[in-house]
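Read the structure below first, then the notes.
The values are calculated or read from the model by the stated rules, or taken from the named source; none is laboratory data. As the structure is a prediction and not an experimental result, all values here were calculated from the model. No Cβ is skipped: glycine too gets one built from the backbone with ideal geometry, and neighbour counts run over all protein chains shown. Note: areas computed on protein heavy atoms with side chains; ligands, DNA, RNA excluded. Shrake-Rupley method; radii C 1.70, N 1.55, O 1.52, S 1.80 Å.
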Amino acid sequence: MRLHVVNPNTTASMTAKIAAAARSVALPGTEIDARQPAMGPVSIEGFYDEAFAVPGMLGCIRDADRDGADAHIIACFDDTGLDAARAAAKAPVIGIGEAGFHMASLIAARFAVVTTLGVSIVPIEHNLRKYGLAERCARVRAAEVPVLALEERNTDALAKISTEITAAIRDDRAEAIVLGCAGMADLAAELSREHGLPVIDGIAAAVTLAESLVRLGLTTSRLGPYAAPRSKTYSGMLSSYQP
């Protein structure tokens, strides 16, 4: 099967890290097609960045659909543009945030999320309520690490994330941790060993779930808000994105 993994920001090094994380857990015979848009922000940190990331990301999904993708994975923990992507894509679409939450709920009564910056806490809390998992999440914590700082291992990013995990175990009684950024994908195993509890990377969770959907032959339902968009004209720079 062919899984399309889209990094909604435009940072190539992060796309490469995401692709490596996806390939490390994919089944033999699963092809990982990692892409990023040509337009949009270099990182997604809060509602404002999300809005500018969606058009380029939807373009990647449209192109991957045409190239025969069996499923799409949105590799941004805020699940940027997930609902729009599900309406537009022929293949099923999974966001790494939703995938990480669901995976954590299968192995722990209470989990915590450790994300990058405080500006991302409310969007993540909003998604937890939307997915019906807010009661299972003890707390969303921010390590106050800019997304692009995760691209450099010589920063104190890992130490700050580790500190928040310690606090989540001690103060929030968390039994598992969901890492709240695609840029943290390569840290999950190390942090799990250090803290002695499951640490979940949303990319790995999403790849596993996407493979399951494809194997089961399940696709997005069209009997509600994910019905295909009605044909209409999109003006200006968005003219190439019309359904």
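What number of residues within the stretch 181-214 satisfy the criterion of being at pLDDT 95 or above and either on the phi > 0 side of the Ramachandran plot or outside any helix (DSSP H, G or I) (or both)?
6
Being over 23 Å from the mean Cα position of the chain (by Cα) and either of a type in the set (D, E, K, R) or surrounded by 12 or more Cβ atoms within 10 Å (Cβ to Cβ) (or both) narrows it down to one of GLU194, GLU211, so name that one. If you could, list the steps in order and put the result at the bottom.
Working: GLU211 fails: over 23 Å from the mean Cα position of the chain (by Cα).
Exactly one residue qualifies, and that residue is GLU194.
If you go through the stretch 29-40 one residue at a time, how many are open to solvent by 20 Å² or more (accessible area, probe 1.4 Å), part of a loop (DSSP other than H, G, I, E, B) and farther than 13 Å from VAL214 by Cβ? If you could, list the steps in order and put the result at the bottom.
Step one: list which residues in the stretch 29-40 are open to solvent by 20 Å² or more (accessible area, probe 1.4 Å), which gives 29-31, 33-36, 38-40.
Okay, now just the ones that are also part of a loop (DSSP other than H, G, I, E, B), so 29-30, 36, 38-40.
After this cut, where a residue has to be farther than 13 Å from VAL214 by Cβ as well, the list is 36, 38-40.
Here the count works out to 4.
Going by what's in this entry, would ALA21 be described as assigned to a helix (DSSP H, G or I), in contact with a helix residue (DSSP H, G or I) (Cβ under 6 Å, 6 or more places away or on another chain), within 25 Å of ALA176 (Cβ to Cβ) and open to solvent by 10 Å² or more (accessible area, probe 1.4 Å)?
yes
Working only within the stretch 151-163, note down all residues that are in contact (Cβ under 8 Å) with a residue 40 or more places away in the chain and open to solvent by less than 40 Å² (accessible area, probe 1.4 Å).
Correct list: ILE161 only.
Please give the helices (runs of 4 or more DSSP H) falling wholly within the stretch 65-131 in which 2 or more residues are within 25 Å of GLY196 (Cα to Cα), under 13 Å from the mean Cα position of the chain (by Cα) and touching a residue at least 12 places away in the same chain (Cβ under 8 Å).
Hits in the stretch 65-131: 96-107.
Condition check: touching a strand residue (DSSP E or B) at 6+ places or on another chain (Cβ under 7 Å) and on the phi > 0 side of the Ramachandran plot. Does ARG141 satisfy that?
no
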